[in-house]
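Heads up, the thing below is written out as structure tokens.
Derivation of every value follows stated rules applied to the coordinates shown; laboratory data play no part. Predicted, not measured: the structure shown is a model, and the values here were computed from it. So basically every Cβ, Gly included, is an ideal-geometry build from the backbone, and we count neighbours across all protein chains shown.
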């Protein structure tokens, strides 16, 4: 058949005209292009969905990592800040001690320098006073000597002048006496003598003047010599005392510079004292603030440690209590499981007996036995109570054909509590009502699967924990509860009819599932063949379909075979 199809296609293409052949090839190319486009679209949608999921997971993981990292960083920062505060405290204490030591050393050094400067200044001033006293004494001695020499020279000159004047006066008197004697005796010779006398007088006066001038010149020479000697003495004194005077001037300059430095040092000392006062004030403020901050941090640390120890103590107490409650709960659940398993075995025996009995009954008897009770039960259960909904949630729910069949007794019913499966008609204690309080909030139209999921996923509250802790008192009354539960079996006579209907529905759904699975496999095979043919550039008609099985030949660009079932 396959060869004939292939030959028929070839003969058909041969019989076609050029225009029909081009149209056929164009149509085939369009189909292949459409298949390729669909394949690309499927792949792009698949990759987009996958990337979207990965992006969501990555964002969730990044958020978790960031949260954990923030917690770690917060703890690390707290530890770092605590260490930094301790290090800062040590550093501040150390710097304060160093600054106090430096201040003390500077004050001691200033005192020592001040004492040393005072001693040096005292010695220097004493030395200068001694030099000045010595020079003043020397100057006084030289001045006294000069005054004595001057007095001596003046005294000698005055005595010699008085002697000359007295001698001149005596000689004038002698001449006057001579003139007076000769006037009397020689009046007639007055003219001659007068002339002669005048001449002689002129000569004497000139001689006297010459002598006086000569004496004045001699005395002037002596005075000049004395003045020269005095000037030489003064020059020699100046030359001898020049170095000392220069040394004195230098000492005066040094003294002025030292006085300036002293004033500058005084100003610097005053400034440093003011700065020290400011620094001391700032240090006191900083020390007070740091002490307050340290006290606050210590109080916070104490409060946090106390709260931590208190929380840890409560946590340990809660953990111990939870372990005790868990042990008690496991013991109670094991007892309930054993009790339910025994009831399950009895139920299976009853089912087996009922099926064997049904084989011996006619259809009319079978319907007569069940219809009356079932109709009465249905009429009475139009408005069911909460307790009946809890005990039989699947009786009022018609399962759809797409639901998964579930037997009445399965292994995971071990996790259900016995008091949730069998509710007594009369509640014996308050704890029994507390345990079933959450289960009674189930809606009327929920099936057993959703009820079991809610019961299993429900978190225990404090009331549940307290009720579980008190369940030890109910262990003794388990027999009473089981007996009270048997009183409801009279209302469950329509259970097996509904169960059989459900079983028939399950069988039909299983068959339908098998048919759908087969169709699904065929569809997957056809899609895979189409994708492979479009990838290889072949038509779907050239693909060989043997007995509906997929080809074992695979290529790198073939579509993947999914193990999941498409519903």
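Taking the Cα atoms of the range 15-113, the ratio Rg/Rh between the radius of gyration and the Kirkwood radius comes to 1.82.
Distance between the modelled labels on residue 21 and residue 81, one decimal in nanometres: 8.7 nm (7 Å Cα→Cβ projection).
Computed from label points 7 Å out along Cα-Cβ, the spacing between residue 177 and residue 28 is 19.8 nm. Residue separation of residue 195 and residue 245 scaled by 0.36 nm, minus their Cα-Cα distance, works out to 11.0 nm of gained length. The gain in end-to-end length when the residue 317 to residue 330 segment is fully stretched comes to 2.7 nm, 0.36 nm per residue minus the alpha carbon separation. From most to least packed by mean Cβ count within 10 Å, the peptides 333-341, 17-25 give 333-341, 17-25.
Sorted fewest first by neighbouring Cβ atoms within 10 angstrom, 328, 188 come out as 188, 328.
Once fully extended, how much extra length lies between residue 162 and residue 294, figured as 0.36 nm per residue of separation less the alpha-carbon to alpha-carbon distance?
On the way: separation 132, 0.36 × 132 = 47.52 nm, distance 11.08 nm.
Length difference between fully extended and current span is 36.4 nm.
Applying 1/(1 + (r/R0)^6) with R0 = 30 Å to the Cβ-Cβ distance of residue 35 and residue 58, what FRET efficiency is obtained, to the nearest 0.05? The formula returns an efficiency of 0.35 here.
What is the fewest-to-most order of 496, 227 by other Cβ atoms lying within 10 Å of their Cβ? Each step should come with its number before you reach the end.
Details: 496 16, 227 10.
Lowest to highest Cβ neighbour count: 227, 496.
So, R0 is 45 Å and r is the distance between the beta-carbons of residue 237 and residue 260; what FRET efficiency does that work out to, to 0.05? All intermediate terms of the calculation are to be shown ahead of the outcome.
Numbers: r = 33 Å, r/R0 = 0.73.
The formula returns an efficiency of 0.85 here.
Suppose R0 equals 30 Å; then what is the FRET efficiency for residue 218 and residue 170 from their Cβ-Cβ distance, rounded to the nearest 0.05?
On the way: r = 22 Å, r/R0 = 0.74.
Once rounded, the FRET efficiency stands at 0.85.
For the pair residue 185 and residue 228, label points projected 7 Å from Cα toward Cβ lie 5.2 nm apart.
Paramagnetic label reach from residue 253 (point 7 Å along Cα→Cβ; backbone nitrogen cut-off under 13 Å): within the range 95-127, no residues.
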